[in-house]
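Visitor: The structure follows.
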Amino acid sequence: MDFFVAQALNGLIIGLLYALIAIGLSLIFSVLKLVNFAHGECCMMGAFVSYYFSTLFGINPLIAVFLSMVVVFLLGVAMQYFFLRPLYTGAVERKDEYAILITFGLGIFFQNLAMSLFGPWTKKSQDFLSGVTSIGFLTVDNNRLVVSFVAIAIVLALLLIINKTFVGKALRAVSQDRDAAAIVGINSHRINMLAFGVGVALAGGAGALIGPIFLISPMMGILPGIKSFVIIVLGGMGSIKGAIIGSLLLGEIESLGSIYLLDPTRGLAYKNAFGVLLLAIVLLVKPTGLFGERHVRME
Amino acid sequence: MKTFLTFMGVIGLVVCIGGSLGWSQDQVILGGVAPLSAPGAAESGAEMKIAMEMAVSEIGQILGKPIKLQVEDTRGLPEEGTAAMNRLADAGAAGVVGEFHSAVANAEIEVANQRKLPLIIAEAWADVITAKHYPYVFRIAPANSLFYTKVSDWVKAIGAQNVVAIVENTDWGLGIDTVFKETLHDQKNIDGDPVQYTSIVAERTVTDFTPQLLRYKSMSPRPDLVMDIFTGTGEYLIVKQTGELGLAPNRETLVFAVGTSALYPEYWETVGKYGVFSITKTGYHPLLGVTPAIKKFNAEFEAKTGKTPTFAAMEAYDSIHVLAQAIEQAGSTASDAIVAALEKIKYDGVLGTIYFSADKKPDYMYHQWPGAKAVIIQYTAEGQKYTDAELLWPAALMP
Amino acid sequence: MLEVAELVKDFGGVRAINKLSFTVGENELLGIIGPNGSGKTTTINLISGLFKPTNGRITFRGKRIDGLPSYEIARRGIGRTFQVTQVFHRMSVLENMMVPALAVPHKGEEKDQKKKALRILGFLKIDHLRNEFARNLSGGQQKLLELGRILMLDPDVIMLDEPFSGVHPKLKMNIHEYIKEMHAEGRTFIIISHDLQSIFNLSQRLIVLNEGTKICDGVPQDVKDDDRVVEAYLGD
Ligand SMILES: Nc1ncnc2c1ncn2[C@@H]1O[C@H](COP(=O)(O)OP(=O)(O)O)[C@@H](O)[C@H]1O
Ligand SMILES: [Mg+2]
């Protein structure tokens, strides 16, 4: 029982980190109707930016997380302005293909850029709070605790913004009907920019939070990128609620699955396959994912 | 018109052949293979490349011709290794040295054998590399069995009963796992108690080992030793997470970071205080004897990079020297002549007197340097250089 | 006040609008009719900026608006509804009403905007549905919501694409009333409809389109008697 609770807690913490990345991807999809295949690399960028903020300038690592989110937000705004805007001005014919190629290409570019800027070495960001906390039989790294609370706070803040503010309404309006939003005066280019910026900033924040826990390197974004894609397909493309539930589900499945399913001595060898397995099952039962409305494409 | 074309054709052909002959006669090309970027162990690759360059500039000439060193990045990926070997063969390399990852070396030896390109593996340990008995393949690094049977001896000698491991899903990791299963599991330790060895295989990309480490933590009795059979980021993460969960290192449980990544400064940057009293292995340690050759190499390497070299650099350095000497002794760059020379070679290198065995029993011994050493060390302070870490095994070497 | 000149729109090889010209005067109530596929919706899409014209000009209050983005045209005072209703399904009725409030550089506080939204919903008699999700409304109610939503922008010109199709007869009467009332307030209307009776009743002037060109333009009675119209449209 103790063992099970410890595993479940670990799964929950991992799930919260996934949620931060996946919500960003889902937000971008819901508004721009495209999958950002450079999402994992934006996560990596956030990790490096906060690493350098705190090691070079001595900025408190938690503040560095928020600064890195700002930097990655600006990066996202630039990416959307220079590379994705043509999709919405009618300059591009094969929109889906263009979106895949351009974001994928940017991802590879960021990997190589990071490799030459930061070197291939593994680095560890500064601890948020060093040491461990023990409650009874549970022992948890303090960084993971801090990160969980920060992740929850960011997710709640985001939900509040999306559901309660003017800007949030505009985001939802464009995501639900781009033309209808346009004819009531919403500048959808701005909303695209905002959604993309916020979406990648969430990934960047996740990367910065991961830094002291799972270490950073130029290739660190590949797996989170793939997993967040699996999560949003699982949760329903474009659904924020789906992204949250999907993330927690994946975190638990990976944590418990690699222990209780299959042969535990081989569990870790298939860990990354669990998500895909779960996805396959869900999609067979519900083709639009857990909370998916219907399949949406760019017009 | 037709005669004119033929004439021009012949001229062109002569120019081409002359050109290429002139090219290959002007210099001797030595090839290098190493992981210079991720997902490979880039820190090791970078070191090996520098060491190769040092050796080449020392040697200067082979057979009276200048040397051209061509180092290819294999990125820790077998397919990149195959491509690199083919590029080197196409470029006319006389021989190739290097490699760090067993899985990549395993792909490279196939090309070496097909294209008759002598290959000296500097730092990849899987038995299979020499066990295939390919005539063109030699190895300076120890074979897994050669060293890890000794690790098993040490484990038994400290009276451990419960040994657990997390193993990376590669030729290298699985090879070590096999050695422990065969030479440790169910064997009797120094107290006459049976040793239980449990391992979990993991993908190289896994970053959270907590579930499995929790499982090990809940074992009763608690494990005596956690074997971290990983390289790179994963190796760091296992030590870190083992520490965070309070599993090891402590009075009950030790942690052994088996991969070479534990010798680099990044180890301390990433594992911090959890690295104190962690155990690792190295192919070089001052207590093995500091010869003038090592002193000179270390000094030059440190002057050049500001870092302490690991044995991976030394192996790469020696490999170039061994290849160069073999070509000199062969008197040509013909591959069979080089192989014949390598089989007879005796070279006093940084790591010792290097020669290659012709034994085919045990099967990994063929074209293997039997003198390759490795020792078990333990860090005793945070940020410690591996050269200052304490020697644990073999006992005979302890001061 | 609104002038369309030599307007052309091609979709690939298909010419949907062919050299269409007409003007709409201040406070006019203009109807546009024509057989299916004659280009009525496309005309509205062009004026509201959802489509870019292949050729031609659209001028509003003396300024070119063709080529401007939709949101800019909306902000200048041209509102529209869709043939297939496009409300924000996963938002409440009130939230739907508040979306346009974001667009106009805030004419007052959020509280005032909310009051205004409730007033409009009251006018359209759907204020009791204010907290209902838009997707739960009937087709007719959604049409009203769509109409209410553009009223939030205080448009000078309102373009309605098939406002009576699929609407309960009782509700149809109401919509008639609303249009008349808003027209009396001074707004300009362009209404597309299949419902000939409604449109002949309502409009002061009618334009008939066929295959992307205007074949008739005049007061309803004249249009009814025009041979070309009878042939193209009323004939079958
Ligand atoms: N987005 C579009 N893409 C291609 N063709 C279109 C598009 N919209 C309208 N059309 C074509 O333009 C013509 C006019 O359509 P439309 O304006 O919708 O007619 P109406 O509203 O009068 O029934 C039709 O032939 C239609 O097929
Ligand atoms: Mg129509």
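The values are calculated or read from the model by the stated rules, or taken from the named source; none is laboratory data. Values in this document were obtained by computation on a predicted structure and should not be read as measured data. Counting neighbours? That spans all protein chains shown, and the Cβs are built from the backbone with ideal geometry, glycine included. Just so you know, the surface numbers come from the protein's heavy atoms only, side chains and all, with ligands and any DNA or RNA stripped out. Shrake-Rupley method; radii C 1.70, N 1.55, O 1.52, S 1.80 Å.
Visitor: Only one residue in B:D318, B:D336 is of a type in the set (D, E, K, R), closer than 24 Å to B:A91 by Cβ and buried (at least 22 other Cβ atoms within 10 Å of the Cβ), so which one is that?
Guide: Residue meeting the stated conditions: B:D318.
Visitor: A further question follows. Do we have any residue at all in region B:359-368 that's open to solvent by 10 Å² or more (accessible area, probe 1.4 Å), touching a residue at least 12 places away in the same chain (Cβ under 8 Å) and over 16 Å from B:T130 (Cβ atoms)?
Guide: no
Visitor: Which residues, counting only those in region A:100-129, are in contact with a Phe, Trp or Tyr (Cβ under 9 Å, 6 or more places away or on another chain), of a type outside the set (K, R) and either within 14 Å of chain B (Cβ to nearest Cβ) or assigned to a loop (DSSP other than H, G, I, E, B) (or both)?
Guide: Result: A:A114, A:L117, A:F118, A:W121, A:T122, A:S125, A:Q126.
Visitor: Tell me whether region A:221-237 contains one or more residues that are among the β-branched types (V, I, T), open to solvent by 20 Å² or more (accessible area, probe 1.4 Å) and in contact with a Ser or Thr (Cβ under 9 Å, 6 or more places away or on another chain).
Guide: yes
Visitor: Same structure, new question: Are any residues in region B:156-188 farther than 24 Å from B:R251 by Cβ and of a type in the set (S, T, N, Q), and if so, which ones?
Guide: Result: B:N169, B:T170, B:T178, B:T183, B:Q187.
Visitor: If you don't mind, there's one more thing I want to ask. Being in contact with a Leu (Cβ under 7 Å, 6 or more places away or on another chain), facing another protein chain (nearest Cβ under 8 Å) and within 30 Å of B:N106 (Cβ to Cβ) narrows it down to one of B:Y197, B:Y236, so name that one.
Guide: Answer to the selection: B:Y236.
Visitor: Quick one: would you say B:T82 is β-branched (V, I, T), at pLDDT 95 or above and surrounded by fewer than 23 Cβ atoms within 10 Å (Cβ to Cβ)?
Guide: Working: β-branched (V, I, T): yes; at pLDDT 95 or above: yes; surrounded by fewer than 23 Cβ atoms within 10 Å (Cβ to Cβ): yes.
Criteria met by B:T82.
Visitor: May I ask you to verify whether A:I152 is more than 9 Å from every other protein chain (Cβ to nearest Cβ), in contact (Cβ under 8 Å) with a residue 12 or more places away in the chain, in contact with a helix residue (DSSP H, G or I) (Cβ under 7 Å, 6 or more places away or on another chain) and open to solvent by 60 Å² or more (accessible area, probe 1.4 Å)?
Guide: Criteria met by A:I152.
Visitor: Within region B:254-299, can you find the residues that are open to solvent by 60 Å² or more (accessible area, probe 1.4 Å) and either under 20 Å from B:L213 (Cα atoms) or touching a helix residue (DSSP H, G or I) at 6+ places or on another chain (Cβ under 6 Å) (or both)?
Guide: Correct list: B:K273, B:F277, B:L287.
Visitor: Sticking with this structure for a sec: Kindly evaluate C:L171 against the criterion of being more than 15 Å from ligand 1 (Cβ to nearest atom) and modelled with pLDDT of 90 or more.
Guide: No.
Visitor: In addition: If a residue has to be within 16 Å of ligand 1 (Cβ to nearest atom) and either open to solvent by less than 20 Å² (accessible area, probe 1.4 Å) or more than 23 Å from C:I179 (Cβ to Cβ) (or both) to count, how many in region C:46-74 make the cut?
Guide: Within region C:46-74, residues that are within 16 Å of ligand 1 (Cβ to nearest atom) and either open to solvent by less than 20 Å² (accessible area, probe 1.4 Å) or more than 23 Å from C:I179 (Cβ to Cβ) (or both) number 12.
Visitor: Looking at region C:1-25, I want the residues that are away from chain A (no Cβ under 14 Å) and of a type in the set (K, R) and have a partner that is away from ligand 1 (no atom under 11 Å from the Cβ) and open to solvent by 80 Å² or more (accessible area, probe 1.4 Å) with Cβ atoms under 6 Å, at least 6 apart or on another chain. Which pairs are those?
Guide: From region C:1-25, the pairs are C:K19/C:E6.
Rundown of residues vs (1) over 20 Å from A:G211 (Cα atoms); (2) small (G, A, S); (3) within 14 Å of another protein chain (Cβ to nearest Cβ); (4) open to solvent by less than 20 Å² (accessible area, probe 1.4 Å), yes/no style:
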| residue | (1), (2), (3), (4) |
| --- | --- |
| A:Y98 | yes, no, no, no |
| A:N163 | yes, no, yes, no |
| A:L171 | yes, no, yes, yes |
| A:I186 | yes, no, yes, yes |
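Visitor: Let me confirm something: among A:A243, A:A203, A:A208, A:A180, which residue is in a helix (DSSP H, G or I), within 14 Å of chain C (Cβ to nearest Cβ) and of a type in the set (A, V, I, L, M)?
Guide: A:A180
Visitor: Among (1) within 13 Å of chain A (Cβ to nearest Cβ); (2) away from ligand 1 (no atom under 16 Å from the Cβ); (3) out of contact with any strand residue (DSSP E or B) (no Cβ under 6 Å at 6 or more places or on another chain), there is one condition C:T85 misses while meeting the rest; what is its number?
Guide: Status for C:T85: all satisfied but (2).
Visitor: Further, regarding this structure: Would you call B:G173 within 11 Å of another protein chain (Cβ to nearest Cβ) and of a type outside the set (S, T, Y)?
Guide: yes
Visitor: Of the conditions (1) assigned to a helix (DSSP H, G or I); (2) away from every other protein chain (no Cβ under 11 Å); (3) farther than 13 Å from A:F29 by Cβ, A:L290 satisfies every one except a single condition; which number is it?
Guide: Condition (1) is where A:L290 drops out.
Visitor: Just to be sure I understand, how many residues within region A:1-27 are more than 14 Å from every other protein chain (Cβ to nearest Cβ) and over 10 Å from the mean Cα position of the chain (by Cα)?
Guide: 0
Visitor: Something else now. Would you be able to say whether some residue in region B:49-58 is basic (K, R) and within 14 Å of another protein chain (Cβ to nearest Cβ)?
Guide: The answer is yes, given that some residue of region B:49-58 is basic (K, R) and within 14 Å of another protein chain (Cβ to nearest Cβ).
Visitor: Let me ask you something else. Being touching a residue at least 60 places away in the same chain (Cβ under 8 Å), among the hydrophobic types (A, V, I, L, M, F, W, C) and either within 15 Å of ligand 1 (Cβ to nearest atom) or within 14 Å of chain A (Cβ to nearest Cβ) (or both) is the requirement here; does C:I32 meet it? Please lay out each step first, then the result.
Guide: Numbers: touching a residue at least 60 places away in the same chain (Cβ under 8 Å): yes; among the hydrophobic types (A, V, I, L, M, F, W, C): yes; either within 15 Å of ligand 1 (Cβ to nearest atom) or within 14 Å of chain A (Cβ to nearest Cβ) (or both): yes.
So C:I32 passes the test.
Visitor: Just give me the residues in region C:35-59 being within 14 Å of chain A (Cβ to nearest Cβ) and more than 16 Å from ligand 2 (Cβ to nearest atom), in sequence order.
Guide: If the condition is that a residue be within 14 Å of chain A (Cβ to nearest Cβ) and more than 16 Å from ligand 2 (Cβ to nearest atom), then C:G49, C:K52, C:P53, C:T54 are the ones that fit.
Visitor: Let me confirm something: among C:L196, C:L160, which residue is within 16 Å of ligand 2 (Cβ to nearest atom), out of contact with any Gly (no Cβ under 7 Å at 6 or more places or on another chain) and open to solvent by 20 Å² or more (accessible area, probe 1.4 Å)?
Guide: C:L196
Visitor: Give the residue, chosen from C:D222, C:D217, that is more than 19 Å from the chain's Cα centre (by Cα), of a type in the set (D, E, K, R) and away from ligand 2 (no atom under 16 Å from the Cβ).
Guide: After applying the criteria, what remains is C:D222.
Visitor: Continuing with the same structure: Among the numbered conditions (1) open to solvent by less than 10 Å² (accessible area, probe 1.4 Å); (2) out of contact with any Lys or Arg (no Cβ under 9 Å at 6 or more places or on another chain); (3) over 15 Å from A:K123 (Cα atoms), tell me where B:S220 comes up short.
Guide: Evaluating B:S220 over (1) open to solvent by less than 10 Å² (accessible area, probe 1.4 Å); (2) out of contact with any Lys or Arg (no Cβ under 9 Å at 6 or more places or on another chain); (3) over 15 Å from A:K123 (Cα atoms) leaves (1) as the failure.
Visitor: For region A:31-42, state whether one or more residues are over 23 Å from A:S125 (Cβ atoms), part of a helix (DSSP H, G or I) and away from every other protein chain (no Cβ under 14 Å).
Guide: Yes, that holds for at least one residue.
Visitor: Also, I was wondering about something else. So B:I345 clears everything in (1) over 14 Å from B:P286 (Cα atoms); (2) open to solvent by 30 Å² or more (accessible area, probe 1.4 Å) except one condition, right? Which one?
Guide: Result: B:I345 fails condition (2) only.
Visitor: Looking at B:K373, is it modelled with pLDDT under 95 and surrounded by 14 or more Cβ atoms within 10 Å (Cβ to Cβ)? Spell out how you get there, then give the answer.
Guide: Details: modelled with pLDDT under 95: yes; surrounded by 14 or more Cβ atoms within 10 Å (Cβ to Cβ): yes.
Taking the combined requirement at face value, the residue satisfies it.
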